[in-house]
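The values are calculated or read from the model by the stated rules, or taken from the named source; none is laboratory data. Note that this is a predicted model, so its numbers are computed, not measured. So basically every Cβ, Gly included, is an ideal-geometry build from the backbone, and we count neighbours across all protein chains shown.
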Amino acid sequence: MDVERLQEALKDFEKRGKKEVCPVLDQFLCHVAKTGETMIQWSQFKGYFTFKLEKVMDDFRTSAPEPRGPPNPNVEYIPFDEMKERILKIVTGFNGYLNHNPLRGFSKNSSN
């Protein structure tokens, strides 16, 4: 995956007002999910990730009806919109980083 192409796609996404899905950025999401290789900083990708997460939640809401059965007494009922807001608040507030070199902080120890 080409980092320059990825950064260009992120700039285009920002210019378009964060309203359209981008195949290059979707491909990058799949790449990270499969390999764990991030290649860019979290702060650069956070906007698209949040956009995509919200889109997936909205698509789920459209395709899955609200449960209509009796509530389970062991599980707190949280309305979909409230849970969506909680999740988005957590993601928006996360200022961590994507680990570019996950093995850098670890050493292989041959003795057990």
Please list, ordered by first then second residue, the pairs with beta carbon atoms under 8 Å, 6 or more apart or interchain, first in the stretch 78-92 and farther than 14 Å from PHE60 by Cα, second loosely packed, with under 10 Cβ neighbours inside 10 Å.
-> none
Flagged pairs (Cβ under 6 angstrom, 6 or more apart or on separate chains; first in the stretch 12-39, surrounded by 13 or more Cβ atoms within 10 Å (Cβ to Cβ); second in a loop (DSSP other than H, G, I, E, B) and at pLDDT below 90) are HIS31/MET1; VAL32/THR38; THR38/LEU98; THR38/HIS100
ASN74 at pLDDT 85 or above, more than 27 Å from ARG16 (Cα to Cα) and either assigned to a loop (DSSP other than H, G, I, E, B) or among the small types (Gly, Ala, Ser) (or both) | yes
Residue within the stretch 43-50 that is within 21 Å of LYS84 (Cβ to Cβ), assigned to a helix (DSSP H, G or I), touching a Lys or Arg at 6+ places or on another chain (Cβ under 8 Å) and without any contact (Cβ under 8 Å) to a residue 24 or more places away in the chain present = no
Is it the case that THR50 is modelled with pLDDT of 90 or more, surrounded by fewer than 11 Cβ atoms within 10 Å (Cβ to Cβ) and closer than 22 Å to LYS19 by Cα?
-> no
Name the residues in the stretch 9-25 that are part of a helix (DSSP H, G or I), under 24 Å from GLU85 (Cβ atoms) and charged (D, E, K, R), would you?
-> GLU14
In the stretch 77-112, how many are modelled with pLDDT of 90 or more, over 18 Å from GLN44 (Cβ atoms) and of a type in the set (S, T, N, Q)?
-> 0
